[in-house]
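Written below as structure tokens is the structure these notes are about.
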Amino acid sequence: MPDLVSDKFSIEQIIGNLFDNAVKYRDPGRPLELAVKAFPINRFKIGIDFSDNGRGIAPEDHERIFELFRRSGIQDKSGEGIGLAHVRSLVRNMGGDIKLKSELGKGHNLHDTATGRSEPVCKECWPMKAAGREVTIVMVEDDEGHARLIEKNVRRAGVNNEIVPFTNGTSALKYILGDDLSGEVNQHRYLLILLDLNLPDMSGIDILEKVKSNIHTKRLPVIILTTTDDEREIQRCYDLGANVYITKPVDYDGFANAIRQLGLFFSVMQIP
């Protein structure tokens, strides 16, 4: 095997995600078997085969599982449908691709082609863009500790867009809609909004409703990130036009994991 210089962080995320999926979706009727084989393709590429004897995936889902928020088979395990979309994005960022071979009841085989480069790939240097312009992330979060954790994990996902923080809804709305709250200020800028529902001066739902009902801002993506897990409130947010709803667990480890999932989402999403 030739020595290759590649992106260690991305390789670790790819392998870790595939191993996690193999364990999560193992067949309970038999002991789990995992195999990883690596082989050279040329001077600058290697191939990596991952195989297991898990549940297997139906042919019609072989491509769909790599799409954002798509899952397949029996939904008896927790998940957001983000992991494999993130894996494919990481592999393609390194000049490779990933394919699946699988049969129901017979396990999976994933073939990953990874690219080596003379210098490591920088994972801290790409901005999300829309229509060729960089997107500004508006974070509306009154808990400073949560805000720092959110920003840290967004950066770890490789997103270096400007993050504009607000701790109250009044200031956030003036920034998003303009001082006159007409929304016209957004005719030539692109925003992505991270929104907590529990703010000191108003409800995040009020902000969501104002943003999505304004002709100039209704297409802005809004990600709800809050501790509220009431099903009626979640449905209301989606009805008002929220793009994603992420519940923040009350314990630190759970919250950190939720933010890591948000980081994965950033790495594969596109702004309209």
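The values are calculated or read from the model by the stated rules, or taken from the named source; none is laboratory data. What you are looking at is a predicted structure, and each value in this text was computed from that prediction instead of being measured. Neighbour counts are summed over all protein chains in view; Cβ atoms, including those assigned to glycine, are modelled from backbone coordinates with ideal geometry.
Per-structure values
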| item | result |
| --- | --- |
| Any chance Tyr175 is among the hydroxyl-bearing types (Ser, Thr, Tyr) and under 23 Å from the mean Cα position of the chain (by Cα) | no |
| When residues of the range 174-204 are limited to those that are of a type in the set (A, V, I, L, M, F, W, C), out of contact with any strand residue (DSSP E or B) (no Cβ under 9 Å at 6 or more places or on another chain) and buried (at least 17 other Cβ atoms within 10 Å of the Cβ), the one farthest from Thr228 (Cα to Cα) | Val185 |
| Selection status of Asp196, free of Cβ contacts under 8 Å to residues at least 12 places away in the same chain and among the charged types (D, E, K, R) | no |
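Residue-wise test of (1) in contact with a strand residue (DSSP E or B) (Cβ under 6 Å, 6 or more places away or on another chain); (2) in the same structural domain as Thr247 (by TED's automatic domain parsing); (3) modelled with pLDDT of 80 or more.
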| site | (1), (2), (3) |
| --- | --- |
| Phe19 | no, no, yes |
| Val36 | yes, no, yes |
| Lys45 | yes, no, no |
| Ser51 | yes, no, yes |
| Asp76 | no, no, no |
| Ile82 | no, no, no |
| Met94 | yes, no, no |
